[in-house]
Amino acid sequence: MPAAPNSPSRPRLRDRARGALAAALWALPLAAAAQGAAPARAGANLDVLHYTARIEPDIAAKTLRGQVSIRLALRADGAQQLEFDAGDLDIDKVSEHGQALSFEKAEQRLRVRLPKPGKFGERHEIDIAYRGAPRYGLEFHPDRGEVYTIFSTSQWLVCIDAPSERASFDLTLTVPSGLKAVGNGRLVSKSALGGRRDSYRWRQDQPMPSYVYGFAAGRYNEAAGTGENGELRFYSAELQSAQLRKVFADTADMLRFFGRRAGIRYRGPYTQVLVAKTIGQELDGFSLMSEAYGREVLEKPEAQGLIAHELAHQWWGNMVTNLDWGQFWLNEGFANFMAAAYLQHRYGEDAYRERVDAWKKRVDKLRESGKDHALVYANWSKPSADDRAVVYQKGAYVLHLLREEIGERAFWRGVRTYTRAYYGHSATTADLRKTMERASGRDLSAFFARWVDGAEPAPAKTEAAAKSDAAK
């Protein structure tokens, strides 16, 4: 997400995780509002099975037109109103099997009314035509002939934003001729259309949460590599093929490392794209990072923490997904920690300790300012920079402390068991605790109470400090 769900640059290795924190500011702001005391999330009474979408962005005008067919099953008897997340999109028409359906758009939700109440398990296929000029969620760069998605899927695709809602995805993208494009899943076809346009179609058969759907298209240079179980591709509008291979020289090694730590190998192609500007984000089967970051890695290869962070999400985030946004640390804390673990493998103990020290310093600052928080949030609506620090940096630090608490063998055995058990599903913090307790043979209630469920208040001020503050 996002990464958010998820813009500052990253000038130093130790700042990589700090920069990643800001991703959550953008990652799925609509879905976040569905937590805690907020209204029930869109789509709570339905199960999305598959999306078939056709998207045509106008890069020069910074607009798009789209159509999506949403195949779904009802979760309850009597369901008649269906809700979808639709961002700021304008809805032109809603129908099923050619029959128009009544609908309304309100508060970034699309509400569709079925002709009659349905029954549990009943299937429908809702067709929606829409258009928009996204203020976020889709980045347009006419000077580069480039367009790419950025975190907020419902700003370019009518869908369900909830991370627990998984569906397969078929995407057809129409772009000006001469652009190269990447999307989720396998490329089914590429064809030339009239009007100097090309059409790309991808099919993602593995059900995935919608926040990892996306695409990118631009006037890219290209390089290729070979991974353990699939082809690697690298794209950039500014760097040449030899430079791209240098920037992403360790991608294959990262795939091997994470696959072994997870106990599940990565299979299939994987693509990394350098785009005009982004904080960095992982999508299903590919990742987007900025051209500026690519140049940084070109000059300083050890500054590849972000590459590792985003790649780690292919396991922890994409395939093992937080049940809701209140459990977001299971995505981002894990990715931060696993990136540091890779740096330890690649560059040694000092590289790992540099990350750990930075996490600890940020956690200490949270505590000193009274901004510490339990890792699980009841309400992830409008998170602050400190909230994001809790999720990204405290989350990673807690995993480091757990590693020290139960030891290397038990910790990595637990990571493998957790990843295998919830691969392709959603998980909670309670699931992680139970897995780590079984792996270590220990009761971890005290550890989780202090570090995961607890939050330390700001230290009490001395009388002198209180007087000084009053004087100010």
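The values are calculated or read from the model by the stated rules, or taken from the named source; none is laboratory data. Just so you know, these numbers come straight off a predicted model, no measurement behind them. All Cβ positions, glycine included, derive from the backbone under ideal geometry; neighbour counts span all protein chains shown. Quick note on the areas: whole protein, heavy atoms, side chains included, nothing else; ligands and nucleic acids left out. Shrake-Rupley method; radii C 1.70, N 1.55, O 1.52, S 1.80 Å.
Of the residues in the stretch 431-445, none is part of a helix (DSSP H, G or I), closer than 17 Å to A339 by Cα and among the hydroxyl-bearing types (S, T, Y). For the stretch 172-182, the criterion of a residue being over 21 Å from the mean Cα position of the chain (by Cα), of a type in the set (A, V, I, L, M, F, W, C), open to solvent by 10 Å² or more (accessible area, probe 1.4 Å) and under 21 Å from G268 (Cβ atoms) is satisfied by no position.
Can you say whether R267 is assigned to a loop (DSSP other than H, G, I, E, B) and open to solvent by 10 Å² or more (accessible area, probe 1.4 Å), as far as the supplied structure shows? In short, yes. When the residues of the stretch 243-264 are filtered to those that are small (G, A, S) and within 22 Å of R295 (Cα to Cα), which remaining residue is most open to solvent (accessible area, probe 1.4 Å)? My answer is A249.
Taking the numbered list (1) surrounded by fewer than 23 Cβ atoms within 10 Å (Cβ to Cβ); (2) among the aliphatic types (A, V, I, L, M); (3) in a loop (DSSP other than H, G, I, E, B) in turn, A292 passes all entries but (3). Among residues that are at pLDDT 50 or above and part of a loop (DSSP other than H, G, I, E, B), A61 is included. Where strands (runs of 3 or more DSSP E) fall wholly inside the stretch 178-225, the ranges with 2 or more residues that are out of contact with any Cys (no Cβ under 8 Å at 6 or more places or on another chain), closer than 23 Å to S152 by Cα and charged (D, E, K, R) are 197-209. Restricting attention to the stretch 326-380, the residues being open to solvent by 30 Å² or more (accessible area, probe 1.4 Å) and in a helix (DSSP H, G or I) number 16.
Taking Q272, is it open to solvent by 50 Å² or more (accessible area, probe 1.4 Å), under 29 Å from Y51 (Cα atoms) and in a strand (DSSP E or B)? Taking the combined requirement at face value, the residue does not satisfy it. The set of residues in the stretch 286-298 that are over 14 Å from A308 (Cα atoms) and within 18 Å of the chain's Cα centre (by Cα) contains only S290.
For the stretch 106-139, a residue qualifies if it is part of a strand (DSSP E or B), modelled with pLDDT of 95 or more and closer than 23 Å to A76 by Cβ, and the qualifying residues are R109, L110, R111, V112, R113, R123, H124, E125, I126, D127, I128.
Pairing residues of the stretch 49-68 that are on the phi > 0 side of the Ramachandran plot with residues that are open to solvent by less than 10 Å² (accessible area, probe 1.4 Å), at Cβ distances under 9 Å and at least 6 apart in sequence or on separate chains, gives K62/L138; K62/V147.
Among the residues of the stretch 229-242, write down those that are touching a Leu at 6+ places or on another chain (Cβ under 6 Å) and either open to solvent by 10 Å² or more (accessible area, probe 1.4 Å) or of a type in the set (A, V, I, L, M, F, W, C) (or both). F234, the sole residue that qualifies.
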